[in-house]
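The values are calculated or read from the model by the stated rules, or taken from the named source; none is laboratory data. Since this is a predicted model, take the numbers as computed values, not measurements. Cβ atoms come from the backbone with ideal geometry, glycine included; neighbour counts cover every protein chain shown. Surface areas here come from the heavy atoms of the whole protein model, side chains and all, with no ligands, DNA or RNA. Shrake-Rupley method; radii C 1.70, N 1.55, O 1.52, S 1.80 Å.
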Amino acid sequence: MSETRLSVAKTYKLYIGGKFPRSESGRVYPVTDPKGKFLANAAHASRKDVRDAVVAARKAFGGWSSATAYNRGQVLYRVAEMLEGRREQFISEVGASEGVTAKKAQSLVDASIDRWVWYAGWTDKIATVLGAANPVAGPYFSFTVPEPTGVVGVLAPQRSSLLGLVSVLAPVLATGSTAVVVSSADRPLPAITLSEVLATSDLPGGVANILTGRAAELGPWLASHGDVNALDPTGAAPADRADLAREAAGTVKRVLTVPEAEPDWTTAPDLSRLRRYLEAKTVWHPTGV
């Protein structure tokens with residue numbers, strides 16, 4: 001007589017500072033596919049978890065932003081290598097999360113890996129393309145260099161579980177900033193697997209922190225946090241974005257302007273997201289006699 005085996009239900013954790021803690025609140029929520037089939041349990045992050053993630057991101061910012069552009073590119077390229085190595089798992093999770101065919105899921109995962117490589121390749125080209133030598137009327141050198149803005153809060157797209165996530169996270173890291181990401185609430189599994197990739201790659205702990213939970217709950221805490229320098233509200237409901245901007249105004253942080261409807265992430269990227277996470281620093285120096 002054969003016995004029916006019960007599979008082990010997974011309960012995933014958060015990714016903060018290179019570690020995988022449970023939510024401080026102790027909350028979890030069930031993740032299902034579009035047809036309601038149970039997939040796993042995910043941690044439901046709290047305000048305290050947001051604060052811990054910001055602390056980790058700020059601590060990591062100095063080392064990540066001061067690394068050479070070439071080194072950052074190599075680290076990010078290593079992440080792409082590991083994404084490629086777990087390609088089949090991502091295809092399975094994207095298919096289950098988004099309710100698409102295996103062929104479509106494969107296309108989305110391949111585009112995600114290619115997108116990550118594209119941004120990794122920009123790390124040592126940003127200063128050349130977006131910097132400038134300024135003509136001045138006087139015996140001076142004047143040049144402008146782009147510098148990373150700091151800690152960025154990212155509300156990840158709700159519909160595109162991996163390609164959209166990569167499209168909003170990779171440019172933050174490529175510029176030398178660090179990130180606190182709130183993943184898609186209903187489709188968090190690819191984000192969780194991405195956090196496992198990051199944890200086992202060369203990316204220093206704290207450079208990218210991934211929280212699972214609701215953007216409506218966690219977004220305001222990121223927007224009002226005094227140690228967050230910029231906010232990407234892509235994953236927030238359009239009706240909530242004005243309130244997030246008002247919260248962010250209290251600490252004079254940059255809030256990205258994003259389309260009201262989630263864009264088509266399969267379109268080719270450009271430099272716009274890289275530009276948004278850079279501050280222009282202009283230096284004047286007298287010329288020699």
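Just a few scattered comments:
- Of the trypsin sites (Lys or Arg not before Pro) found in region 91-130, those in coil by DSSP whose Cβ has at most 14 other Cβ atoms within 10 Å are K125.
- Normalised per residue, the accessible area of region 141-289 is 38 Å², obtained with a 1.4 Å probe and no contribution from ligands, DNA or RNA.
- In summary, the lysines within cross-link reach of K13, defined as a Cα separation below 22 angstrom excluding same-chain residues under 8 places away, comprise K37, K48, K59.
- The largest accessible area among K253, K35 belongs to the first residue in K35, K253, and the rest follow in falling order (1.4 Å probe, all chains).
- Among N229, N71, N209, residue whose mean-square fluctuation peaks in a GNM of the chain (springs only between Cα atoms under 10 Å): N71
- Charge tally in the Cβ shell below 12 Å around N41, where Lys, Arg are +1 and Asp, Glu are -1, N41 excluded: +4
- Relative contact order for region 1-124: 22 percent, from Cα pairs under 8 Å spaced at least 6 residues apart, divided by residue count.
- Summed over qualifying helices (DSSP H, 4 residues or more, each -39500 (n - 2.57)) and divided by its residue number, the chain shows a 222 nm mean residue ellipticity of -13500 deg cm²/dmol.
- For the chain: rounded, prolate or oblate by the Cα gyration tensor [a/c cutoff 1.5]: prolate
- Protein accessible area in region 1-123, 1.4 Å probe - carbon and sulfur %: 52 percent
- Exposed GluC sites (Glu not before Pro) absent - longest run of the chain, DSSP non-H/G/I/E/B, at most 14 other C-beta within 10 Å: 4-259
- Protein heavy-atom surface of region 175-289, 1.4 angstrom probe: 53% of the accessible area is carbon and sulfur, with nucleic acids and ligands not counted.
- Three-way shape call for region 154-229 based on the alpha-carbon gyration tensor, with the a/c threshold at 1.5: oblate
- Taking all protein chains together and rolling a 1.4 Å probe, S7 ends up with roughly 90 Å² accessible.
- DSSP-defined antiparallel bridges as percent of all bridges, the chain, nearest 5: 55 percent
- Averaging the sequence gap over all C-alpha pairs within less than 8 Å and six or more residues apart, then dividing by the number of residues, gives the chain a relative contact order of 23 percent.
- Figure note: H225, H44, H285 ranked by solvent-accessible area, largest first, 1.4 Å probe, ligands and nucleic acids not counted: H285, H225, H44.
- Heavy-atom surface of region 66-121, accessible at 1.4 Å and reported per residue (Å²): 48 Å²
- Here's the list of aspartates and glutamates a cross-link from K253 could span, going by alpha-carbon distance under 18 Å and ignoring same-chain residues fewer than 8 apart: E147, D227, D232, D240, D243, E279.
- Per-residue Karplus couplings for region 210-217, computed as 6.51 cos²θ - 1.76 cosθ + 1.60 with θ equal to phi - 60°, are listed in order as 10, 10, 9, x, 9, 4, 5, 8 Hz, Gly and Pro entered as x.
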